[in-house]
Amino acid sequence: MKKIIYLGILLTTFFSCTPDDTNNEPELVFSEETIVFNSSETKTLFLTTKPKTDCDYRITSKPSWVTIDHESGNISLNYGISEIKITSNFTNLKPGTYEGKLQFTTTLGNRSILLKGIVGDNLLYSFPKILNFSMLENSKVFTIKNEGNIPLSFNIDNTNTKITLSSYTGEIAVGGQKEITVTINKDGLPNGISNYNLNLTINNIKPETIAVNIDNFKEQKLILSGDVMDAEYSKVKDQLVFVSANPSKVTIFNPNTSSIDNIPLTYTPTCISISQDGETAVVGHDGHISYINLKTKSIIKTYSASCYALDVVLANNKWAYVFPKDDQWEYVRCINLNISTDNEANSTGGSIYAGTKGRLHPSGKFIYGADNGLSPSDIEKYDIQNGVAKNIYDSPYHGDYPMNGNLWFSEDGNRIFTRGKTVLKTSEVQSIDMIYNGKINTDSNANIDWLDHSSIKNNLYVILTNGDVWTNKKSPFIYIYNSTNLSFKNKIELEKYPVPSSTSGTTFYDAEPFFVFSNSVGNNIIVITKAMGSGLVNEWGIQKISVE
């Protein structure tokens, strides 16, 4: 008996065929992209458009072993659906599998669907080739489907004591299926992803492999008091520094020892910037900034600032650059921390728009800023080599590529990664500065909410969000991209927050990430998360995750 395996997925739900949400052009949509005939039979194909529009269509070619009830038609704007009856005829065909396309020429472009004919006794089945267990999953159900026209028997060989199955053998009738539960005992499994195989044999034919990938990252979640406002990480000191409100404080977290030190603040913090040597920090407030000694864990000096500090940058020259939150056209407040008295000066070279976020270039010579509230969004550059910031120029693009209000640098400073997923190259020469260098390919409607680069691992660790910069919804994963070619590599599901109840058991809430940082040697990432909507008194936490 000849073995024929078809692993296609039959789209039996009409509305599962949807075009890309970002495509506003009308598109012809089929109820099925593949139709399988197991005998001489008639099946119905439904056609519609999305969004709804008039569409004329004509069938220009078809396999010789099918007939259709009509070759042309119209999808009207009012009714919105047309149907075609397709009948297979296997009278003169030898046993085997036949494929052909039903080709359409339409006013919305050319399309086709695949027709597949199964003639005679044919063994046809499908099953998942990969089972991925997330960190929180201990069991998973998969299905073996008999899509042929003869009964099948199966046998699963499993030699791993950490994996148990609800069924190891069985019979599946024509058109039937068998659900099998796979349960994993993660106790004693090594940290990271473990890979095992199950051997599936159908009708005593050569076994096929089901790969079982078990995500067993061991996380250390530390619950925090207060609401985290902003955070930065020193790879020189290998310590996380963040500011919280309720109560107001600077917190220094050592991921190697899990130790925490707090520095009380007089004013409510809004943002923080740490020096490149990791010795000092500046905290922004409404109307003030605080200069912090992270080594002695004390406040060096509090300075007045004539704005609400949305963002602040502490440079190597011991100047603080405060970016205002409110009003419209504004200036960067430049404060010399080498002087013990208030000494604010406004930036030169042109105003900035309130809401701009700034970030120090690794060279220490420049700050790059990403505006918010302007369309099109853009980024600009400030020279700080003489102390007072000078706005020198913006990017050469004006709506060509999305920037969307924030930016991050590669560790060497040669590239900029923007919230809008656009990647740019940097240079001290204006003509080749902020030049397009690619795009991080995520879901079409996602933005980057936070990003960190690990040159040792060649990884970008990314937090994705939907919505605008003020009302975003964060995905409870850390996404990993190759920092060279920007391709997707993996994603890590974050540990949920358990909330016990005396009546309904334990409810788990997603951990929404706000900040992610890689440590200096690249073997851990540190994530600050929040249990959104959980009602917990302490909703914030730190997760330390080992990475390969």
Fill in the blank from the handout: With criteria (1) among the hydrophobic types (A, V, I, L, M, F, W, C); (2) under 25 Å from VAL423 (Cβ atoms); (3) without any contact (Cβ under 8 Å) to a residue 40 or more places away in the chain, LEU407 comes up short on (3)
Exercise for the section: Determine whether the range 430-444 contains at least one residue that is buried (at least 21 other Cβ atoms within 10 Å of the Cβ), part of a strand (DSSP E or B), within 19 Å of the chain's Cα centre (by Cα) and at pLDDT 95 or above. Expected result: no
Practice task
Can you confirm whether the range 381-393 contains a residue that is assigned to a loop (DSSP other than H, G, I, E, B), without any contact (Cβ under 8 Å) to a residue 60 or more places away in the chain and among the hydroxyl-bearing types (Ser, Thr, Tyr)?
Solution key: no
Completion exercise
Counting only residues in the range 300-329 that are outside any strand (DSSP E or B) and of a type outside the set (Lys, Arg), the one farthest from the chain's Cα centre (by Cα) is identified as ASN317
Practice task
Quick one: which residue in ILE84, ILE156 is under 18 Å from ASN195 (Cα atoms), modelled with pLDDT of 90 or more and among the hydrophobic types (A, V, I, L, M, F, W, C)?
Solution key: ILE156
Practice task
Scan the range 78-98 for residues that are without any contact (Cβ under 8 Å) to a residue 40 or more places away in the chain and surrounded by 12 or more Cβ atoms within 10 Å (Cβ to Cβ) and report the count.
Solution key: 6
Practice task
Only residues that are surrounded by fewer than 24 Cβ atoms within 10 Å (Cβ to Cβ) and in contact with a Cys (Cβ under 8 Å, 6 or more places away or on another chain): list them for the range 281-308, please.
Solution key: GLY287
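Residue-wise test of (1) in contact with a strand residue (DSSP E or B) (Cβ under 7 Å, 6 or more places away or on another chain); (2) under 18 Å from SER225 (Cβ atoms).
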site	(1), (2)
THR257	no, no
ASP261	yes, yes
CYS271	yes, no
VAL282	yes, no
ILE292	yes, no
LYS301	yes, no
Handout entry: Conditions (1) in contact with a strand residue (DSSP E or B) (Cβ under 9 Å, 6 or more places away or on another chain); (2) part of a loop (DSSP other than H, G, I, E, B); (3) more than 27 Å from GLU411 (Cα to Cα): number failed by THR296
Key = (1)
Exercise for the section: Would you point out the residue of the range 503-548, among those that are among the polar types (S, T, N, Q) and under 23 Å from GLY226 (Cβ atoms), that is surrounded by the most Cβ atoms within 10 Å (Cβ to Cβ)? Expected result: THR529
Handout entry: Sole residue being in contact (Cβ under 8 Å) with a residue 60 or more places away in the chain and either farther than 24 Å from TYR353 by Cβ or of a type in the set (A, V, I, L, M, F, W, C) (or both), chosen from ILE478, ILE448, ILE416, ILE432
Key = ILE478
Practice task
Looking for whichever is polar (S, T, N, Q), surrounded by 12 or more Cβ atoms within 10 Å (Cβ to Cβ) and touching a Cys at 6+ places or on another chain (Cβ under 8 Å) here; the options are THR44, THR49. Which one fits?
Solution key: THR49
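The values are calculated or read from the model by the stated rules, or taken from the named source; none is laboratory data. Every value quoted in this text rests on a predicted model; they were computed, and no experiment measured them. Note: ideal-geometry Cβ built from the backbone for every residue, glycine included; neighbour counts use all protein chains shown.
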